[in-house]
Amino acid sequence: MKVLHVTGYKSLELGIFKENDPKVHIIKTAIEKRIKQFIEEGLEWVIVSGQMGVELWTAEIVLDLKEEYDINLAVFPAFENQDKRWPKGLQEKYQEIIMVADFYKPIYIGDYKGPYQFRAKNQWFVEKSDASLILMDEEFPGSVKYFYDAAKKISEDYPIYLITPLDLDDIVEELRMSDPDYWS
């Protein structure tokens with residue numbers, strides 16, 4: 001696998017309203033762990049649409065990993081100015097990420113026109129990537145269900161790797177056990 005698409009919940013769907021929420025650290029740790037495994041197996045590119053939440057956190061992770069690994073980040077939003085209605089802090093973070101990403105190009109030129117842009121984006125990501133890593137609880141899939149269902153419909157052979165609530169619980173336990181105070 002050379003190109004991995006990463007997606008998942010938007011921060012609001014996870015009840016996360018501040019970037020310093022402890023849940024963000026757990027989620028980022030889980031994503032980073034999986035991406036590192038893929039890098040060691042030959043991954044070259046991580047592609048995201050740059051939506052707030054899992055996709056922005058993934059972009060931050062990949063940019064940090066560039067210091068240690070030969071990995072590239074590409075951001076392909078469904079349309080231009082997707083961050084127009086976001087909170088100011090997230091707009092700034094998004095703008096910084098697209099400035100330093102290895103590649104940035106909106107799938108559609110211009111602002112949001114309709115839901116067809118999201119459907120086209122989902123198909124585009126399946127066609128342009130070798131697999132997807134998705135943070136999703138299958139019992140409560142939220143908006144990421146649209147991509148998940150589209151990917152399964154477009155190609156039965158398309159590999160989808162999930163980060164589930166159980167995986168996040170494992171990360172919490174790993175973080176707890178790595179704390180020296182845990183053992184005292």
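The values are calculated or read from the model by the stated rules, or taken from the named source; none is laboratory data. These numbers come from a predicted model, not from an experiment. Cβ atoms come from the backbone with ideal geometry, glycine included; neighbour counts cover every protein chain shown. The protein model used for the area step is the full one, side chains on, heavy atoms only, and it has no ligands, DNA or RNA in it. Shrake-Rupley method; radii C 1.70, N 1.55, O 1.52, S 1.80 Å.
Rule-of-thumb check for region 77-180: C-alpha Rg over 2.2 N^0.38 Å?
So the Cα radius of gyration is 1.30 times the expected 2.2 N^0.38 Å.
What figure in square angstrom, to the nearest 10, would you give for the accessible area of Leu133 with a 1.4 Å probe?
Ignoring ligands and nucleic acids, Leu133 comes out at about 0 Å².
Considering only Ser11, Ser49, Ser143, give the residue with the highest GNM mean-square fluctuation for the chain, with springs between Cα atoms whenever their separation is below 10 Å.
Top of the fluctuation ranking is Ser143.
Set Lys and Arg Cβ to +1 and Asp and Glu Cβ to -1, take the dipole of the chain about its Cα centre, and tell me which of Ser49, Ser132, Ile107 lies farthest positive.
The Cα lying farthest towards the positive end belongs to Ile107.
Of all the accessible heavy-atom surface of the chain, with the other protein chains kept in place and a 1.4 Å probe, what percent is carbon and sulfur?
Roughly 52 percent of what the probe reaches on the chain is carbon or sulfur.
When the solvent-accessible surface of protein heavy atoms is calculated with a 1.4 angstrom probe, in what order do Arg85, Arg119, Arg176, Arg34 fall, highest first?
Arg85, Arg119, Arg176, Arg34
Just name one of Tyr69, Leu166, Ile98: the one whose Cα is farthest towards the positive end of the charge dipole of the chain (beta-carbon charges, Lys/Arg +1, Asp/Glu -1).
Projecting each Cα onto the dipole axis, the largest value belongs to Ile98.
Given a 1.4 Å probe and heavy atoms of the protein chains only, how would you sort Trp45, Trp183, largest accessible area at the top?
Descending accessible area places them as Trp183, Trp45.
As a test question: what accessible area, to the nearest 10 Å², does His25 have when a 1.4 Å probe is rolled over all protein chains in place?
110 Å²
Where does the longest stretch of the chain lie that holds no GluC sites (Glu not before Pro) found in a DSSP loop with 11 or fewer other Cβ atoms within 10 Å?
69-137
Largest first and in whole Å, give the semi-axes of region 77-130's equivalent ellipsoid, each being the square root of 5 times a Cα gyration tensor eigenvalue.
With the √(5λ) rule applied to region 77-130, the semi-axes are 20, 15, 9 Å.
For region 1-60, what is the convex hull volume of its Cα atoms per residue in Å³?
Spread over its residues, the Cα hull of region 1-60 gives 67 Å³ apiece.
Any idea what Rg and Dmax come out to for region 42-109 if you just take the C-alpha atoms, in Å?
My reading of the Cα-based Rg and Dmax gives 11.6, 37 Å.
For region 65-161, what is the accessible area per residue in Å², given a 1.4 Å probe and the full set of protein chains? Please list the in-between numbers first.
Working: 5880 Å² over 97 residues.
That works out to 61 Å² for each residue.
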